Amino acid sequence: MGRRKSVVVVGAGIVGCAVAEELTRDPAIGVTLVDKGSLPCAGGSSSHAPGLVFQTNPSRALSQFAKYSVRRYHELSHGGADGFSPVGSIEVATTPDRLADIHRRHGFATAWGIPSRVIDSDEVVRRFPIVDGSAVLAGLYVPSDGLAHPTVAIAALLEVLASRDVPVLGSTEVTGVDVHEGRLSGVSTTAGDIGADAMILCAGMWGPVVARMAGIDLPLQPMAHQYATTAPLAGLAGARPDAPEVPAQGHPILRHQERALYFRTYGDRVGIGSYSHRPQPVEPATIDELSQDSRMPSVLPCTEDDFAASFDDAVALLPALSEAKLEDAINGLFSFTADGFPLVGEAEAVRGFFVAEAVWITHAFGVARAAAAMVRGQAPGVDLHECDLGRWERPLRARAYFMPRAIRSFVEVYDIIHPLQPILEPRGVRTSPFVSRELSLGAEMTEANGWERPQWYEANAGEVTRWPVPSRQGWSARFWSPIVGAEHLAARQRVALFDMTPLRRLEISGPGALRFLEQVTTGRLDRATGSIVYALMLDDGAHVLSDVTIARLGASRFQVGTNSPSDEAWMMRHLPGDGSVTVRDITGGTCCAGLWGPAAKTLLARLTAADLDDGTLRYFRCREINVGEVPVTAMRLSYVGESGYELYTSADYGLHLWDLLFGAGEDLGILAAGRGAFEGMRIEKGYRSYGRDVTAEHHPDEVGLSFAVHLGDHDFIGRSALEQRTAAAVENVLCCCTLDDSTAVVMGKEPVFSDGKPVGYVTSAAYGYSVGRTIAYAFLPVALAEPGTVVGIEYFGERLAAHVVPEPCFDPQGSRVRG
């Protein structure tokens, strides 16, 4: 213990071992691996997980993690056993809704580069002979899926670590985390103290216990999940002459999501996993007490009554199970989060404290590679915004918020979830001061990051007959109303009020504020007070971390519109140490009304004595004005492609501001408009949405944002890498496409084809009511980016014809947005 180690990895399950192996590829990094369990089988989820790897996911990041994990499992073996069995997978559809969904999932797989195909019921039976083919409509077959063997992989990784002289401390419990002036300095264990520059927490369900030692609340909830294994069954002894599709190493893994079931075989035995039982959350600190097996504390006794209905459903699909005896059954513990995604990244409160938690076997190596890169100070190589530890603001890390959502994540793990489907609880956590007026107008509320957000207003139902709004059917009609189209078109012709309060905003002030912002963004900000600049935040490799809008409110005071809590955390990591800059989140204490449309200026002029002409408040300028009695910061900005204003004030004035605007705009036909209209108007104008059209995998020149980079005389983060880029480095670019069929709709994440081959994927899409067709933004090879190129977009198995078109589709000269 005398030699100082730079990185301590806590947890020697599959994730921790994979992280340690990734880190120690760099000889400059020293690693100590610690686990309180005995090795190689430490007793966490890795020790009992059944190992099914389904790579296909609506999330591109999770599918990327899974693809890399399959590759790494394939590469590992120990004691004559392989780390992966490539048996393939089948997801069966037994209802029309699930049949449609497997076509959608086939689209995800194609978009993310995972070969798959939809097979008929006869082929399902040939590949898994005990399936009742009469109950199955079709199946999604993925040949490269299969069974990971995490204990084999762990043993192989431990051998690699031993060959690199990595200290591996089994049966060693972490007793404390040492933090000095906000930075990790070491880890205390039952074997002694370990000095460290960094620590990465991979302790799985015990993660919250260790995190609390550093004063960090980790929003992770262990849940019991039932799994049982049968006695031998006839017809499952391996490959059969009449079923050559059955691989010699076993049958495909099988998923019956309609009943929240999955299956795998062990020779002539069947393993059955179920998520359809009642949720059984477990407090992390009590796990060791609850378990009856000290060697496998993550396994609890099976609650047999909970499994009875699941077994009946299993028999309905696999009738041979009716004669089977269950030889082994457990309630195995796994980690869940509020949104079903892992927790990856550096803690905001403690520098050097990294996390790779709530990671399933499927994604272990992919997450490990990304997390190890972050520990090394490098780009993770994958868009992590869905998985970022910092995505949850403090109120949303409270147990009262994340626990019911984590339970819901368990319940819905195999459900068909629509991209617009709102969570059911908890709700009403954060509301704008306009909420009472919104509810009185019949707002159909959705939720994002704890904020209640109107999607449309039932009070505008009478507008539908005034505008040409195409009807919808099926998937695209869910969580949608024709009122969305009516609000969209009314805003284009009259004036609409949008609640923009949930958009995050920071106040950055102090004598060093200007220099700081010019270091962390690509904008030239040394402009007159009242100027507004759209800029990017880049990492050292010039990948886009976020896009921001920066308003200079004074010589040393700026308001910055950001995308997520991660933006603030990144800024805080780069603050100068001399105290010359203060960063303050002002979102909760303020509100914002977006007033947009051709009549916006006329309306606002009725309420203020301030000069609104272009000479004093032109596009991308701001000033302090009074709207009636309300002090307002008025910004001539628009994210919808119409002239107008973002009007900011403190939350106590918010309700009165809404009433003033509505009262003054009644004869102008003002209406409230929701997020549905906002999204369609955004896409018509070609404005990017961070996390969909732009991510940390992209450079500005790949997403059409080079205009936001000012290569002046200031040295911003990422500048050097940006200057070294050449045109040859750009392989794929974001393109604007429109569907040829004016009635067709796509939703995003669909695969794009050229000459019958998949070549890209849709990032975001919406119906452009002003242009009369669906607009889809997609990443395509540079060779296909020319306007006029014909492509196909696959939507639920149907290939829809589309063309690449010049952007933006609406007001390409920008005359409307400038007024």
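The values are calculated or read from the model by the stated rules, or taken from the named source; none is laboratory data. Since we're looking at a predicted model, the values are computed, not measured. Don't worry about glycine lacking a Cβ; one is built from the backbone with ideal geometry, like all the others, and counts go over all protein chains shown. The accessibility values were calculated without ligands, DNA or RNA, using every heavy atom of the protein model including side chains. Shrake-Rupley method; radii C 1.70, N 1.55, O 1.52, S 1.80 Å.
So if R0 is 56 Å, what FRET efficiency would Gln519 and Ser742 give, r being the distance between their Cβ atoms, rounded to the nearest 0.05?
That gives a FRET efficiency of 0.75.
So, in nm, how far is label Thr529 from label His180 when the simple model puts each one 7 Å beyond its Cα toward the Cβ?
So the two model labels end up 4.4 nm from each other.
How far is helix 675-685 tilted, in degrees, relative to the longest principal axis of the Cα atoms in the chain, given as a value from 0 to 90 rounded to the nearest 10?
So the inclination is approximately 70 degrees.
Determine the relative contact order of the chain: mean sequence separation of Cα pairs under 8 Å and six or more apart, normalised by residue count, in whole percent.
Relative contact order here is 11 percent.
If I stretch the segment between Asp26 and Leu655 completely, what's the gain in nm (0.36 nm per residue apart, minus their alpha carbon distance), one decimal?
Between Asp26 and Leu655, full extension yields 220.7 nm more.
Taking the Cα centre of each part, how many Å lie between region 347-418 and region 107-124?
28 Å
Can you spot the lysines whose alpha carbon is less than 24 Å from Lys36's alpha carbon? Ignore those fewer than 8 places along the same chain.
List returned: Lys5.
Could you grab the relative contact order for region 493-554? Cα pairs under 8 Å, six or more apart, rounded to a whole percent.
Here the relative contact order equals 24 percent.
Please report the spacing between the Cα centers of region 428-477 and region 7-38 in Å, no decimals.
Each part's Cα centre sits 49 Å from the other's.
I need the peptides 274-287, 668-681, 104-117 ranked by packing, meaning the mean over residues of other C-beta atoms within 10 angstrom, with the highest value on top.
Order by mean packing, descending: 668-681, 104-117, 274-287.
To the nearest 0.05, how large is the calculated FRET efficiency for Ala81 and Asp120 if R₀ is 30 Å and r is the Cβ-Cβ distance?
Rounded to the nearest 0.05, the efficiency is 0.30.
Across region 59-73, in residue order, what do the Karplus-derived ³J(HN,Hα) couplings come to in whole Hz, using 6.51 cos²θ - 1.76 cosθ + 1.60 with θ = phi - 60° and x for Gly and Pro?
So the Karplus estimates, Gly and Pro as x, are 7, 5, 4, 5, 5, 5, 4, 5, 4, 5, 5, 4, 4, 6, 4 Hz.
If I take R0 = 56 Å and measure r between the Cβ atoms of Ile586 and Val315 in this structure, what FRET efficiency does the formula 1/(1 + (r/R0)^6) give, to the nearest 0.05?
FRET efficiency, Ile586 to Val315: 0.45.
Ignoring ligands, DNA and RNA, what percent of the accessible area of region 31-185 is carbon or sulfur (1.4 Å)?
Within region 31-185, the accessible surface is 48 percent carbon and sulfur.
For a label point 7 angstrom out from the Cα of Ala783 toward its Cβ, which stretches of region 758-777 have the backbone nitrogen within less than 18 Å?
Those under the cut-off are 758-761.
Could you check the spin-label model distance between Ser440 and Arg466? Points 7 Å from the Cα along Cα→Cβ, value in nm.
2.1 nm
So between Ala729 and His74, what do we pick up on full extension, going 0.36 nm a residue minus the alpha carbon distance?
Going from the current span to full extension adds 232.7 nm.
Extension gain Asp755-Asp328, at 0.36 nm per residue separation less the Cα-Cα distance, in nm?
148.6 nm is the gain from fully extending Asp755 to Asp328.
Find how many whole Å separate the alpha carbon centroid of region 188-231 from the alpha carbon centroid of region 761-818.
45 Å
Cα to Cα, under 25 Å, and not fewer than 8 places away if on the same chain: which lysines meet these conditions relative to Lys601?
Excluding near neighbours in sequence, the set is Lys685.
Using just the helices of the chain, give the 222 nm mean residue ellipticity in deg cm²/dmol: DSSP H runs with n ≥ 4 each add -39,500 (n - 2.57), and the total is spread over all residues, rounded to 500.
My calculation for the chain gives -6500 deg cm²/dmol from helical runs alone.
Give the percent of DSSP beta bridges with both residues in the chain that are antiparallel, rounded to the nearest 5.
The answer is about 85 percent antiparallel.
Roughly how many nanometres apart are two label points built 7 Å out from the Cα toward the Cβ at Ala721 and Asn449?
Roughly 2.3 nm, to one decimal.
For region 46-199, report the accessible area per residue in Å² (1.4 Å probe, heavy atoms, rounded to an integer).
With the other protein chains kept in place, region 46-199 gives 35 Å² per residue.
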